[in-house]
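Each remark here refers to the structure printed beneath this line.
The values are calculated or read from the model by the stated rules, or taken from the named source; none is laboratory data. The structure presented is a predicted model; accordingly, all values stated were derived computationally and were not measured. With ideal geometry, Cβ positions are generated from the backbone for all residues, glycine too; neighbour counts draw on all protein chains shown.
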Amino acid sequence: MFNSPLPKYLTDKKNIIRLIILTALFAVVFINIYAPFGLETLYELTEWEFLGLSTLIILTGVLVVVISRVIMYYVSKQRNLLVWQYILWSFAEAFAMAIFYTLFEKLFIHDSRFILDLLKISAKNTALVLFIPYSVLWLYFSWQDKKNELQKLAGSAIGFESSKKMIPLYDEKGVLRFSVKAEHLLYIESADNYVNVFYIDKGKTARFTLRNSIKRLELLLKNSEVIRCHRSFMVNFENVKILRKDKEELILELDSPASIEIPVSKTYAQNVMETFTRYSLSH
């Protein structure tokens, strides 16, 4: 994981701007509520004076993040950063900001405390100020990236008709890897981070392995007759010839060169029954 390439959304210009703004807002709120630097006890400050002084310190310190992220943006254009490099970079930002706050308090506010004590306090506070919003935003940017990816895949399926058309299959990065005629596709089986696509080729059953999740393919093929019937299977109703109940389990038999039976789990049984009925009536 740590040696993996850094996701592009973390060095995207818009996301960098969002990170800087939201980190600054979080820092201002955090400092004025938590009051970690102890300025309100060291000096006789009114509530508004303390608000103004602490906000000034925070916003000035955020310049460290601004400069750092601008450098990161241009470095990422020249080379691919790794996850461990990004994490190390973030720790360096926190340490640099801690040094800045320590010098600010010592030189401009004339704090009488020992400089190493100030540095220790500043390091703890800057770690909280930076890493809380950094972590939350990383999760948010990741979720947003996955959402956009799924929307992109879903968009390619608009107006999709299963008959006499090709079914495009994309990998996890949205790159087209395989296309097959709708009437030739049999079923799709999940295999950890991959899926196996089974289809008819020259009268025989063939397989193509694709790096993607069955959940993404379910969304991609939602307007076709290829539907989810099990946590590990999707089946093409173009090639379903029999739906039978075997004890407490539904089984789909496919019209294929080899005898193929696909299980139907209870979660998807209702949708399978409705699709089978609708498909039978339309044919």
May I ask you to list pairs of residues, at least six apart or on different chains, whose Cβ atoms are under 6 Å apart, with the first in the range 188-210 being without any contact (Cβ under 8 Å) to a residue 24 or more places away in the chain and the second being surrounded by fewer than 18 Cβ atoms within 10 Å (Cβ to Cβ) and in a loop (DSSP other than H, G, I, E, B)? TYR194/ARG211
Do the conditions hold for ILE167, that is, is it of a type outside the set (D, E, K, R), surrounded by 20 or more Cβ atoms within 10 Å (Cβ to Cβ) and over 18 Å from ASN271 (Cα atoms)? yes
Can you confirm whether the range 112-127 contains a residue that is in contact with a Ser or Thr (Cβ under 9 Å, 6 or more places away or on another chain) and of a type in the set (Ser, Thr, Tyr)? yes
In the list GLU261, GLU249, which residue meets the criterion of being of a type in the set (D, E, K, R) and surrounded by 12 or more Cβ atoms within 10 Å (Cβ to Cβ)? GLU249
In the range 97-127, residues that are out of contact with any Asp or Glu (no Cβ under 6 Å at 6 or more places or on another chain) and not in a helix (DSSP H, G or I) total 6
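Yes or no: ILE33 modelled with pLDDT of 90 or more and loosely packed, with under 15 Cβ neighbours inside 10 Å?
no
Is it the case, given these coordinates, that LEU221 is closer than 18 Å to PHE178 by Cβ, crowded, with 21+ Cβ neighbours inside 10 Å and at pLDDT below 90?
The answer is yes for LEU221.
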Report, ordered by the first and then the second residue, all pairs with beta carbons closer than 7 Å, sequence separation of six or more or different chains, a first member in the range 170-182 that is more than 15 Å from ASN196 (Cα to Cα), and a second member that is hydrophobic (A, V, I, L, M, F, W, C). GLY174/LEU153; LYS181/MET166; ALA182/ILE167
Name every residue in the range 66-83 that is of a type outside the set (S, T, N, Q) and closer than 25 Å to SER122 by Cβ, in order of residue number. VAL66, ILE67, ARG69, VAL70, ILE71, MET72
Can you tell me which residue within the range 73-87, out of those that are surrounded by 13 or more Cβ atoms within 10 Å (Cβ to Cβ) and in a helix (DSSP H, G or I), is farthest from the chain's Cα centre (by Cα)? VAL75
If you take the residues of the range 50-72 that are within 32 Å of the chain's Cα centre (by Cα) and among the small types (Gly, Ala, Ser), which of them is modelled with the lowest pLDDT? GLY61
Single unsatisfied condition, GLU47 versus (1) modelled with pLDDT of 90 or more; (2) closer than 24 Å to SER122 by Cβ; (3) charged (D, E, K, R): (1)
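Confirm whether GLU189 is modelled with pLDDT under 90, out of contact with any Lys or Arg (no Cβ under 6 Å at 6 or more places or on another chain) and not polar (S, T, N, Q).
No.
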In the range 198-283, which strands (runs of 3 or more DSSP E) lie fully inside it and hold 1 or more residues that are within 22 Å of GLU172 (Cα to Cα)? 204-210, 226-230, 233-236
